[in-house]
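These notes are about the structure you will find just below.
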Amino acid sequence: MRILFITDPLETFKTYKDSTYAMMTEAAARGHELFFCLQSQLSLVNQRVEALVRPLSLRGDGHDWYEVGEPAAQALAAFDAVLMRKDPPFDMEYVTSTWLLELAEAQGARVFNKPRAIRDHSEKVSIGEFPQFTAPTLVSRDMGRIRAFHAEHRDIVIKPLDGMGGMGVFRVGADGMNLGAIVETLGDNGARTLMAQRYIPEIKDGDKRILLIGGEPVPYALARVPMAGEVRGNLAVGGMGRAQPLSARDRAIAEALAPRLWERGLLLVGLDVIGDYLTEINVTSPTCFQEITQQTGFHVASMFVDALERAVASMPR
């Protein structure tokens, strides 16, 4: 296959933990041809969606790890698979990219995750579709409603809807200290909608990342355990990753969501689960492949490329 990866700049990759790098390595080992472009290099030219792409070769060196060929404009439909692996923020440029990628699909491109599914799926608000698995949650920009939610639950977490990597996540305890200031700051004085959730004490045991690939759960989760004094387990803010088998509750959540999300064109999904509760459904650029593989021996990237190959084979042009 000819696979185009739409990513952040290659020089920013941390290859020892980057999931896109793991995908690339596995695909190259199987003889697939790799290509690379940036989100900013997507264009609609004479009614054809194309990108300025470069052939990509891997050197097997974790530092000087890649070599790229000369850039050339190519139609996205000329590739067997296009993988959208640009990290958030999910801003208007990201939305514009999904519009272009959706046009490319109409021209014969096979895009993963499906652009419409990415665009229509809020990684935080989407948990509202599965209330049987969630802790008490409020989505609002109304200060009065947020204060009432805190008064009811006493210990809550507040976060923006467009954050990533634990950015902007605050815990407000029973004393309500700084609740107003936090809501005003995160919510830009009522201009932005926020999410509030009842605090889940099991965060001390980790914020579990459960990967769904091609409608099936990976049998291990990565529990991201907060560092001392933190309520955020995200690896980006110093959390420690600990791979562990799915619990019975983890598996129940994963098996309930996996086929439904796969039907929508979401080849790869990252569920966030704290204790017994689903807190987020990540679809833009889920990670944790390498940490799970390194600690358990389960080859997540192999499962992913298997699923990608099956998906492409089932979608003849």
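Some notes on this structure:
- The amide H of Ala135, built 1.01 Å from its N in the peptide plane, has Leu278 as neighbours under 5 Å, considering only residues 5 or more places off or on other chains.
- Peptide packing: for 268-278, 218-228, 247-257, the average count of neighbouring Cβ atoms within 10 Å per residue gives the ranking 268-278, 218-228, 247-257, highest mean first.
- Equivalent-ellipsoid semi-axes for region 74-122 (Cα gyration tensor, √(5λ), whole Å, largest first): 18, 10, 10.
- Cα gyration tensor category, rounded, prolate or oblate, for region 247-317 with a/c compared to 1.5: oblate
- 3J(HN,Hα) along region 23-36, derived from phi through the Karplus expression 6.51 cos²θ - 1.76 cosθ + 1.60 where θ = phi - 60°, amounts to 4, 4, 4, 5, 5, 5, 4, 8, x, 6, 8, 10, 9, 9 Hz, with x in place of Gly and Pro.
- The chain: angle of helix 92-106 to the longest principal axis, Cα-based, in degrees nearest 10: 40
- Label-to-label distance, nm, for residues given as Arg116 and Arg251 (7 Å Cα→Cβ offset): 3.5
- For the peptides 103-115, 130-142, residues were scored by their other Cβ atoms within 10 Å and the scores averaged per peptide; the highest-first order is 103-115, 130-142.
- Nearest-0.05 FRET efficiency for Arg171 and Arg264, computed from C-beta distance (R0 25 Å): 0.15
- Candidate aspartates and glutamates for bridging to Lys159, where Cα separation is under 13 Å - those fewer than 8 sequence places away on the same chain excluded: Glu123, Glu184, Asp188, Glu280
- Region 202-308: projected area of the alpha-carbon convex hull, averaged over directions, in nm²: 6.2
- The peptide list 9-18, 188-197, put in order of mean Cβ contacts within 10 Å with the highest first, becomes 188-197, 9-18.
- Candidate cross-link partners of Lys14 among the aspartates and glutamates, defined by an alpha-carbon separation under 20 Å and a same-chain spacing of 8 or more, comprise Glu26, Asp61, Asp64, Glu67, Asp87, Glu291.
- Counting every C-alpha pair in the chain, the share spaced more than 35 angstrom apart comes to 22%.
- Gaussian network model of the chain, Cα within-10 Å springs - most flexible of Gly173, Gly163, Gly31: Gly31
Laboratory data are not the source of any read-out in this text; all were calculated from the coordinates shown. Since we're looking at a predicted model, the values are computed, not measured. Here the Cβ is made from the backbone with ideal geometry for all residues, glycine too, and neighbour counts use every protein chain on show.
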